[in-house]
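J.: Quick one: the structure is below, and I'll ask about it shortly.
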Amino acid sequence: MHRFLLTMVAGLLFASIAFADVPPPPPPKGKKYVSVSHEVVLGKDVTGYVFVRQTATGPGRPKLSYEKVQFTPGKAAPVPTGNRRTYVTLFAVPQDTAKEFKADADLFAALETNKVKGVHRIGFGGTATVSDTVKGDSVKWTHTITAIDKDGIKRKVEGEGANEPKKGKNSPEEESPLASAPRGGLWVAGLACFAAMTLGGLWIAGRGKRKV
């Protein structure tokens, strides 16, 4: 079963790349696919956390990179999703927990294996499903982090077609499969994530080219 799953996921990925003009499953009635650019604003009252950005890039098995992010409260900072094969996860690590790691590399390795206590995360993908009343094929969303507590990162999302996350929860559309996957299943989740993103992203790109 495990081998069969890997074969199916890999097949989906390669098929999405090979057939750029083949549309993904139709969105729900009244919805459409768009590309999304993101920016984050840290609320002035949000303190006590170290922020780490994980960038996963494809195609194929995702390549992960990490870096600490310094936010200026109240000032928007862009999230470099880059392209349709890139997915970004922002981790909020309690400062006291971050101090337990001697080097940044040790913290990054622990985040990759989900071994950091008290960490919270939100994800940012390059594509989304929005109301078909939204004009154009691209939107910009601003995520204002208003608080972080035991229930997670609370944020206000603004922008055309944006969906407000439920209190204490991450928006299902933006939750990365990489964020909660165990190390052994990380690349499997990555393949599934990039297959879906590539399929949707290529379709959006294809639509744009046909309009020219």
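Laboratory data are not the source of any read-out in this text; all were calculated from the coordinates shown. Everything numeric in this text was worked out from a predicted model, so none of it was measured. Note that we place each Cβ from the backbone using ideal geometry, even for glycine, and neighbour counts take in every protein chain shown.
J.: Which of rounded, prolate or oblate describes segment 30-122 when judged by the alpha-carbon gyration tensor and an a/c cut-off of 1.5?
T.: Oblate shape, in that a/c is at least 1.5 and b/c is the bigger or equal ratio.
J.: Give me the distance in nm between label points sitting 7 Å out from Cα along the Cα-to-Cβ direction at residue 160 and residue 104, one decimal.
T.: Computed distance between label sites residue 160 and residue 104 equals 3.6 nm.
J.: Around residue 49, which amide H atoms from residues at least 5 apart in sequence, or from another chain, sit under 5 Å from its own amide H, with H modelled in the peptide plane?
T.: 95
J.: Report ³J(HN,Hα) in whole Hz for each residue of segment 126-135, in order, from the Karplus equation J = 6.51 cos²θ - 1.76 cosθ + 1.60 where θ = phi - 60°; Gly and Pro get x.
T.: x, 9, 7, 10, 10, 4, 6, 7, 5, 7
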